[in-house]
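The values are calculated or read from the model by the stated rules, or taken from the named source; none is laboratory data. Since the structure is predicted, the reported quantities are computational estimates derived from the model, not experimental observations. Note that we place each Cβ from the backbone using ideal geometry, even for glycine, and neighbour counts take in every protein chain shown. Ligands, DNA and RNA are stripped out before the accessible areas are found, and what is left, the full protein with its side chains, is counted by its heavy atoms. Shrake-Rupley method; radii C 1.70, N 1.55, O 1.52, S 1.80 Å.
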Amino acid sequence: MGDDGGKDDVSLPKATIAKLLEDMLPSDFRMTSEVRDLFVECCTEFINLVSSEANEISTKEDKKTISPEHVMNALTALGFDRYLTECQACLAQHKQDSKEGPRQNLKRARSDMGMSEEEAIAAQQALFAAARARMNDPQAAAVAMYSGGPPS
C-alpha cells in the first residue's frame, strides 16, 4: 500500500494513446515522450474521475453495477455534457454490434472495405497459398517478398 489510499497504480496502454494521438494530429506534427506520457496520465485521470462519479451515482441508487446511464449522468454532473451525444452514439453502435454478433460485424467490415464476399474469400485463399508457399520454401518466399511477387 502506498500513499494513494491503497489504490492500484493503473494506467492506459501508452501505445494505444500514442496511436490515437497520431491518428488525430497532422502527419507533420511531432510530440516529445513527456507530452505522450502527460496525455496518458490525463486520460487515466479522466477515466478515474468519471468512473468514481458513476460509482457514486449507482451507489445512491442502491445499484451494485454501473450502467451506461450512470456514466452519462456522471458526465453531466462533472460538466462534460457536451460529450453526451457522441457517447450515446457509441453506446448505440456497441449495442448494435453486440446484437448482430461477430458474423454480421465481419460482413459489415467486408462491405466497408468495398469487397464482395467472393472477393474476400479469394483474397483469403491467396494469402493462405502464399503462407503455405513460405512454409514449404522459405528461400523462394524471401525472394518473392523482396521482388514484390508471389513465390513460384
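Considering only residues of region 6-17 that are open to solvent by 70 Å² or more (accessible area, probe 1.4 Å) and in a loop (DSSP other than H, G, I, E, B), which is modelled with the highest pLDDT?
Among those that are open to solvent by 70 Å² or more (accessible area, probe 1.4 Å) and in a loop (DSSP other than H, G, I, E, B), it is 13.
For region 18-50, enumerate the residues that are open to solvent by less than 70 Å² (accessible area, probe 1.4 Å) and touching a helix residue (DSSP H, G or I) at 6+ places or on another chain (Cβ under 8 Å).
Of everything in region 18-50, those that are open to solvent by less than 70 Å² (accessible area, probe 1.4 Å) and touching a helix residue (DSSP H, G or I) at 6+ places or on another chain (Cβ under 8 Å) turn out to be 18, 21, 31, 37, 40, 43, 50.
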